[in-house]
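Structure, as structure tokens:
The values are calculated or read from the model by the stated rules, or taken from the named source; none is laboratory data. These figures come from a predicted structure and were not determined experimentally. Quick reminder, even Gly has a Cβ in these numbers, built from the backbone with ideal geometry, and neighbours come from all protein chains shown.
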Amino acid sequence: MKNILWVCLMAASLSCHADDVSAGRAKADVACALCHGPNGVATLPNAPNLAGQQAFYVSEQLKNYRSGKRQNEVMGLIAKPLTDAEITQLAAWYSAIKVSVELP
């Protein structure tokens, strides 16, 4: 019985994560892509790449911009109206992007 409950919880968790990734991508297309690129690879020289970043890092930084703890004129304006759910979704999207490294 415990195993069935555990499997159900895991399936629900994966489904929620997939929903977060999809919603995060949609939000990123509107709010983030101009500077951070449509796939999280920055299009501006002073904007960081977000593709492949850890979800916790993206989430914490967006919350810091939103609260004013971390200062940046543009990011403060972008993050201010974000809800916790939207931040979670954006973090899920950027962390789901797979990045490969090629050594020289």
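You will find that of Ala31, Ala92, the residue that is surrounded by 18 or more Cβ atoms within 10 Å (Cβ to Cβ), within 21 Å of Ala18 (Cα to Cα) and among the hydrophobic types (A, V, I, L, M, F, W, C) is Ala92 and no other. Every test in (1) in a helix (DSSP H, G or I); (2) crowded, with 18+ Cβ neighbours inside 10 Å; (3) small (Gly, Ala, Ser) is passed by Gly40 save one, and that test is (1).
Assessment of the range 25-34 against the conditions (among the charged types (D, E, K, R), touching a Leu at 6+ places or on another chain (Cβ under 8 Å) and at pLDDT 95 or above) yields at least one matching residue.
In the range 66-74, the count of residues that are closer than 25 Å to Lys98 by Cβ and modelled with pLDDT of 95 or more is zero. Among the residues of the range 37-48, just one is in contact (Cβ under 8 Å) with a residue 40 or more places away in the chain and either in contact with a Gly (Cβ under 9 Å, 6 or more places away or on another chain) or aliphatic (A, V, I, L, M) (or both), namely Gly40.
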